[in-house]
Each structure stands twice: as structure tokens, then as C-alpha cells.
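Working notes, beginning with the structure itself.
The values are calculated or read from the model by the stated rules, or taken from the named source; none is laboratory data. Only a predicted model underlies this, so the values are computations on that prediction, with no experimental measurement involved. All Cβ positions, even for glycine, are placed from backbone atoms using ideal geometry, and neighbour counts span all protein chains on display. Quick note on the areas: whole protein, heavy atoms, side chains included, nothing else; ligands and nucleic acids left out. Shrake-Rupley method; radii C 1.70, N 1.55, O 1.52, S 1.80 Å.
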Amino acid sequence: MKGLFISAEGPEGAGKTTIIQMLVEHLRQENQKVVYTREPGGIKIAEEIRSIILNPENTEMDGRTEALLYAAARRQHLVEKVLPAIEEGYIVLCDRFLDSSLAYQGFARGLGVQEVLSINQFAIDSLMPTKTIYFDIEPEEGFKRIQQNKDREINRLDLEELEFHHKVRDGYQLVMAKEPERFLKINAAQPIEDVFSDTLRQVQSIIDEHVKSTSV
Ligand code: TMP
């Protein structure tokens, strides 16, 4: 059986990284073959690109350069890590993917969702996640959480005004409306245990569906 590709998306401070890591832990205990990875990053070249993009000192970075660097990191990560893992039958849980570029660069930066999609089509060569879990939270609430989490790195995009992060959330709504069947929406403003149990339930049903469809 081939593996599964699931991405996690959402605005800053939605807690998706914590939840996805809890989920990986849980699935491993059930002896599922699962890989956690993130964008931008997950492998050496993409982590190096990440540090250029997110360095708070790189204030002169042009919006299109930013979009192209995310797409370049995405390409390398896909080829080097995601595709081989899917081929080997792993469930790949990816912390952010293409929808982040559409919401952040395409919509919030104003580069155009269609334009950013075009450069990314070259990068992903039609490979999309089977399902995407969207962790929804109001930007004000997300920011409160970021300020309470002292271990979290502050990156260049965190320094954007609240208005930018409202646009990110609007961008996600737009992208989800175009492909409602791919997205599973989670209310990330709930207490962490409830966010986790909702996410687990959703992911379990994706896995069950996948097992059913590949065993007939
Ligand atoms: P993280 O904080 O979730 O690790 O993500 C790093 C930052 O990069 C976050 O502010 C969202 C942003 N980002 C984009 O703007 N476009 C993208 O394509 C990706 C993957 C992330």
C-alpha cells in the first residue's frame, strides 16, 4: 500500500505544530508508519532556505523573491523527503504546504493567488495532499498564544502587522472555498485536549478511508 500525504495549515499561533507532533506520537504508539515534517524545511537544503527567508534582518526581501524561495524549498523537500516516504507507505504529516504560499504570499502580500499558484505548479508537479487540516483561530488570539510561548522563534513574518495576519486568514478562507472537499476545519481556539481529539478523529477517518480504498 502506498502512503498518505496530509498537510496542516493555519495562521500563526493556532498550535498546529504542537498538535501534529502529539498526533505523530500517538500514531507511532499504534505502530503506524508516520513521518513528521515541516515547510519551509524538513531537509538540509530547505532548512537553509528557511533561515534566509525567515531571518528578521532580511527586511529588504522582495515579495516575489520570498514566494520563489518558498517554492524552491518546497520542491527540494518534496523530491528528497515527501515522495520517497509516500512510496514506502508512510503517512506523511506536513506542517504547512502550498496553501501557506497562497494565503501568505498570494493573498496577504498581494502577489495574486493565481500567480503564486502558477510558480508552485512548476515546483510540485501536481502532487497535492490527499487532505489538509486547517487549524482556525482569530489572529488576535493566535498572537496572544505566541507571546505566551517563550520557546517559539520570532521570525520575519511574525513582525508583520496584525492586519497582515487578518489577510492571511481571509486568504485561507478563499483557498478553502475553492476546494472544500480537501479541507477539514478544526476550531483551534478550544483547549488543547479538545483540539487534539478533534484532529485525531479527523485523521483516523482519513486513514480508515485510505485503507478501505486501497484494499479493494
Ligand atoms: P512556521 O512558523 O509555521 O514554521 O512557518 C514559518 C513561517 O513561514 C510562517 O510565518 C508562515 C510562513 N510561510 C509562508 O509565508 N509561505 C509558505 O509557503 C510557508 C510554507 C510558510
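For the chain, taking Cα atoms only, Rg and Dmax work out to 16.6, 54 Å respectively. Computed from the C-beta positions of L127 and Q147 and an R0 of 30 Å, the FRET efficiency is 0.25 to the nearest 0.05. Rolling a 1.4 Å probe across the protein heavy atoms gives region 60-170 an accessible surface of 49 Å² per residue. Protein heavy-atom surface of the chain, 1.4 angstrom probe: 52% of the accessible area is carbon and sulfur, with nucleic acids and ligands not counted. Working from label points 7 Å from Cα in the Cα-to-Cβ sense, the E48 to F164 distance is 2.6 nm. In the context of the full protein assembly, F143 retains an accessible surface of approximately 40 Å², using a probe radius of 1.4 Å and ignoring ligands and nucleic acids. The largest accessible area among S126, S101, S51 belongs to the first residue in S126, S51, S101, and the rest follow in falling order (1.4 Å probe, all chains).
Fully extending the segment from V211 to T17, taken as 0.36 nm per residue of separation minus the present Cα-Cα distance, adds 67.3 nm.
Ligands, DNA and RNA excluded, the heavy atoms of T214 present near 70 Å² of accessible surface to a 1.4 Å solvent probe. Counting only Cβ charges, +1 for Lys and Arg and -1 for Asp and Glu, the dipole size of the chain around its Cα centre is about 500 debye. Computed 3J(HN,Hα) for region 79-87, one whole-Hz value per residue from the Karplus formula 6.51 cos²θ - 1.76 cosθ + 1.60 where θ = phi - 60°, is 5, 7, 10, 5, 4, x, 5, 4, 4, glycine and proline marked x. A prolate overall shape is assigned to region 130-216, the ratio a/c of its alpha-carbon gyration tensor axes (a ≥ b ≥ c) being 1.5 or greater and a/b exceeding b/c. Mean-square fluctuations from a GNM of the chain, with a 10 angstrom spring cutoff on Cα atoms, peak among Q148, Q21, Q105 at Q148. Net charge in the neighbourhood of S215 (other residues with Cβ under 15 Å of its Cβ; Lys, Arg +1, Asp, Glu -1) is 0. Around the amide H of L184, modelled in the peptide plane, lie the amide H atoms of T132, I133, Y134, all under 5 Å away and 5 or more residues distant in sequence or on another chain. How much mean residue ellipticity at 222 nm does the chain get from its helices, if each DSSP H run of length 4 or more adds -39500 (n - 2.57) and you divide by all residues, to the nearest 500 deg cm²/dmol? My calculation for the chain gives -16000 deg cm²/dmol from helical runs alone.
If the chain linking R156 and I192 were pulled fully straight, counting 0.36 nm for each residue of separation and taking away their Cα-Cα distance, it would gain 10.3 nm. Counting lysine pairs in region 60-171 that sit 8 or more residues apart in sequence, or on different chains, and whose Cα atoms lie under 29 Å apart gives 5.
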